[in-house]
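Trainee: Attaching a single structure in structure tokens format; questions to follow.
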Amino acid sequence: MSEDKHKLNGAAWYTLSGDVNSDMVHRVFDAVADMTEDGVETAHILLQSNGGYVSDGLCLYNYLRNLPIKIVMYNGGAVASIAVILFLSGDERYASETARFMVHKSHASAPSGARPDALRIIVEGLQADDARTESILREHLTLADEHWAVHAYSDLHLTAREAHKVGLVQDVTDFKPPKGKRVTNI
């Protein structure tokens, strides 16, 4: 066993921030390659993101859910939009007392003067994205009817305590790497 692997004891600590986009996808792929090489069995990831592209979020969700590595997600501040789906890829999920989540349906803009057929394609894409993300939300969360009503037409904001009640997090606790453990930015 190498000295580095011994120091990890199978667990490693990471931060992941920024927009959910192709750059983040590449950073996560590279980090997971390193995790695999280093023998990481449990990856603790502090996520900070206001969202991004649905397709990239879904890619990361599916990728992380199927790894032979236990993923433990933390929200220490804000996780919003498609980043909530990425957060749900964690086998375990936690949030700091002051953390917030914001869940909403997809949105897009159309160029000025867009033709009806172009608008129809945009709307169909948004509806497909919403169906995919809602199925993941329903798989993991127990939202009340009033939550779904808000989600249907507006942004649904959840505190850490509210997120705990609906199953988004297992507990309200901070990201606390053990003393002496390296924290790597993905």
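The values are calculated or read from the model by the stated rules, or taken from the named source; none is laboratory data. Everything quoted here is computed from the prediction, not taken from an experiment. Heads up, the Cβs are rebuilt from the backbone with ideal geometry, glycines too, and the neighbour counts pull from every protein chain shown. Please note that ligands, DNA and RNA were not included when accessible areas were found on the heavy atoms of the full protein model with its side chains. Shrake-Rupley method; radii C 1.70, N 1.55, O 1.52, S 1.80 Å.
Trainee: Can you give me the Cα centroid spacing of the range 52-66 and the range 165-186 in angstrom?
Mentor: 20
Trainee: Now for a different question. Under 17 Å from a point placed 7 Å out from the Cα of E97 along the Cα-to-Cβ direction: which residues of the range 70-86 have their backbone N that close?
Mentor: 75-78
Trainee: What residues qualify as long-range amide H neighbours of G51, i.e. H under 5 Å apart, gap of 5 or more or another chain, H built at 1.01 Å from N?
Mentor: When sequence neighbours closer than 5 places are left aside, the close amide H contacts are V20, A80, A83.
Trainee: Under the Karplus relation 6.51 cos²θ - 1.76 cosθ + 1.60, θ = phi - 60°, what is the ordered set of whole-Hz ³J(HN,Hα) values for the range 164-171, x standing for Gly and Pro?
Mentor: 3J(HN,Hα) across the range 164-171, in whole Hz: 5, 5, 9, x, 6, 10, 7, 7.
Trainee: If you don't mind, another one. Determine one quarter of the surface area of the Cα convex hull of the range 87-186, which equals its mean projected area, and express it in nm² to one decimal.
Mentor: Averaging across all directions leaves 9.0 nm² for the Cα convex hull.
Trainee: Need one value: the accessible area of Y63 in square angstrom, 1.4 angstrom probe, rounded to the nearest 10.
Mentor: Y63 has an accessible surface of roughly 70 Å² with all protein chains in place.
Trainee: Which percent of the accessible area of the chain is formed by carbon and sulfur heavy atoms (probe 1.4 angstrom)?
Mentor: About 50 percent, which is the carbon plus sulfur part of the accessible surface.
Trainee: In whole Hz, with x marking every Gly and Pro, tabulate ³J(HN,Hα) for the range 70-82 from phi via Karplus 6.51 cos²θ - 1.76 cosθ + 1.60, θ = phi - 60°.
Mentor: For the range 70-82, the Karplus curve yields 6, 9, 10, 9, 9, 10, x, x, 9, 10, 9, 6, 5 Hz.
Trainee: Over the chain, with a Gaussian network built from C-alpha contacts below 10 Å, which listed residue (D56, D145, D129) shows the highest mean-square fluctuation?
Mentor: D145
Trainee: Of the beta bridges DSSP finds with both residues in the chain, what % are antiparallel, to the nearest 5?
Mentor: 15
Trainee: Taking a cut-off of 18 Å between Cα atoms, list the aspartates and glutamates near K179, but don't count ones fewer than 8 places away on the same chain.
Mentor: Candidates past the 8-residue exclusion: E3, D4.
Trainee: May I pose another question? May I ask you to evaluate 6.51 cos²θ - 1.76 cosθ + 1.60, the Karplus curve with θ = phi - 60°, for each residue of the range 150-155 and list the ³J(HN,Hα) values in order in whole Hz, giving x for glycine and proline?
Mentor: 3J(HN,Hα) across the range 150-155, in whole Hz: 5, 4, 5, 10, 7, 7.
Trainee: Counting each DSSP H run of 4 or more residues in the chain as -39500 (n - 2.57), what helix-only mean residue ellipticity at 222 nm follows after dividing by all residues, to the nearest 500 deg cm²/dmol?
Mentor: One gets -13500 deg cm²/dmol as the mean residue ellipticity at 222 nm.
Trainee: Using Cα springs under 10 Å in a Gaussian network model of the chain, which residue among L119, L168, L137 shows the largest mean-square fluctuation?
Mentor: L119
Trainee: I would also like to ask the following. In terms of solvent-accessible area of protein heavy atoms at a 1.4 angstrom probe, what is the ranking of V183, V72, highest value first?
Mentor: V183, V72
Trainee: Please find, in a Gaussian network model of the chain (springs between Cα atoms separated by less than 10 Å), the residue of G90, G76, G125 whose mean-square fluctuation is greatest.
Mentor: Comparing G90, G76, G125 in the GNM, the peak value goes to G125.
Trainee: Using the Cα atoms of the range 35-138, I'd like the radius of gyration and the largest Cα-Cα distance, Dmax, both in angstrom.
Mentor: Using the Cα atoms of the range 35-138, the pair Rg, Dmax is 16.2, 54 Å.
Trainee: So how long is each side of the chain along the principal axes, counting just the alpha-carbon atoms, biggest first, in Å?
Mentor: On the principal axes, the chain reaches 62, 32, 24 Å in Cα extent.
Trainee: Amide H to amide H, which residues 5 or more places from T184 or on other chains are under 5 Å from it, using H placed in the peptide plane?
Mentor: It is W13, Y14, T15, by chain and number.
Trainee: Here is a follow-up. Test of understanding: what is the full-extension gain from A114 to T142, defined as 0.36 nm times their sequence separation minus their Cα-Cα distance?
Mentor: 6.2 nm
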